[in-house]
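Q: Structure incoming, see below.
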Amino acid sequence: MGVAGTLEYLADLISSRTAKKKKIMNTVALKIRMDCEGCARKVKKTLKGVKGAKKVDVDLKQQKATVTGFVDAKKVLEAARATKKKVEPWPYVPYTLMAHPYAAGVYDKKAPPNFVRKTDEPGVATLNPVEEQFLMFNDENPNACSIM
């Protein structure tokens, strides 16, 4: 190993120690049980204390807290649980993303307007091949049928 090899080895060693993991901007949404403005202030204050949080939005009507910044979802969830409130990751998605938004287990009366509970169940979340065939005849896509 010559001088060039030694220098290359040392350069690799130094760069591996100083290389930091790049943080990415992340948005974490939580469903938190809040009863009053005091609860919302407490939750907002706690979530602002999370390292890397740039913006915290609390919606009392939807029982939703959104944290945006260079944050880890697990740390945000832990901080929210420290408020002694019932906390869970935001369980809702827009109903247009579900193939069967009114199926049992997906439809939720407590969900915000135009939202349903998220599921990974294949029969509910996606259309089967037979249903896809009938989807070509609809009013939303006038170019789907060449007969009309």
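The values are calculated or read from the model by the stated rules, or taken from the named source; none is laboratory data. Please read these numbers as outputs of a predicted model, since none were measured by experiment. Neighbour counts run over all protein chains shown; Cβ positions are idealised from the backbone, glycine included. What goes into the accessible areas is simple: the full protein's heavy atoms, side chains included, and nothing from ligands, DNA or RNA. Shrake-Rupley method; radii C 1.70, N 1.55, O 1.52, S 1.80 Å.
Q: If I ask for residues that are out of contact with any Lys or Arg (no Cβ under 9 Å at 6 or more places or on another chain) and either crowded, with 19+ Cβ neighbours inside 10 Å or assigned to a strand (DSSP E or B) (or both), which ones from region 56-77 would you list?
A: Within region 56-77, 59, 76 qualify.
Q: Further question: Sort out which residues of region 15-31 are at pLDDT below 80 and surrounded by 10 or more Cβ atoms within 10 Å (Cβ to Cβ), and write them in order of number.
A: Here is the first cut: in region 15-31, the residues at pLDDT below 80 are 15-23.
If the condition is that a residue be at pLDDT below 80 and surrounded by 10 or more Cβ atoms within 10 Å (Cβ to Cβ), then 23 is the only one that fits.
Q: Further, regarding this structure: I'd like the residue in region 84-102 that is more than 16 Å from residue 27 (Cβ to Cβ) and hydroxyl-bearing (Ser, Thr, Tyr) and, out of all such residues, is most open to solvent (accessible area, probe 1.4 Å). Give the derivation first.
A: From region 84-102, those more than 16 Å from residue 27 (Cβ to Cβ) are 84-88, 95-102; that's our starting set.
Still in the list and also hydroxyl-bearing (Ser, Thr, Tyr): 95-96, 102.
Working: 95: 93, 96: 105, 102: 169 Å².
Residue satisfying both the conditions and the ranking: 102.
Q: While we're on this one: For residue 119, state whether it is in a helix (DSSP H, G or I), among the β-branched types (Val, Ile, Thr) and either over 22 Å from residue 35 (Cα atoms) or open to solvent by less than 80 Å² (accessible area, probe 1.4 Å) (or both).
A: On the way: in a helix (DSSP H, G or I): no; among the β-branched types (Val, Ile, Thr): yes; either over 22 Å from residue 35 (Cα atoms) or open to solvent by less than 80 Å² (accessible area, probe 1.4 Å) (or both): yes.
Against the criterion (in a helix (DSSP H, G or I), among the β-branched types (Val, Ile, Thr) and either over 22 Å from residue 35 (Cα atoms) or open to solvent by less than 80 Å² (accessible area, probe 1.4 Å) (or both)), residue 119 does not qualify.
Q: Hey, another quick one. Anything in region 91-113 that is under 17 Å from the mean Cα position of the chain (by Cα), assigned to a loop (DSSP other than H, G, I, E, B) and at pLDDT 80 or above? List them, or say none.
A: 91, 111, 112
Q: Something else: Any idea which of (1) free of Cβ contacts under 8 Å to residues at least 24 places away in the same chain; (2) within 17 Å of the chain's Cα centre (by Cα) is the one residue 41 doesn't satisfy?
A: (2)
Q: What are the pairs, 6+ residues apart or on separate chains, where a residue within region 49-69 that is touching a residue at least 40 places away in the same chain (Cβ under 8 Å) and farther than 16 Å from residue 90 by Cβ has its Cβ under 7 Å from a residue that is in a loop (DSSP other than H, G, I, E, B) and open to solvent by less than 50 Å² (accessible area, probe 1.4 Å)?
A: Sorted first by the residue in region 49-69, then by its partner, the pairs are 69/52.
Q: If residue 31 passes every condition in (1) outside any loop (DSSP other than H, G, I, E, B); (2) more than 14 Å from the chain's Cα centre (by Cα); (3) of a type outside the set (A, V, I, L, M) but one, which one does it miss?
A: The failed condition is (2).
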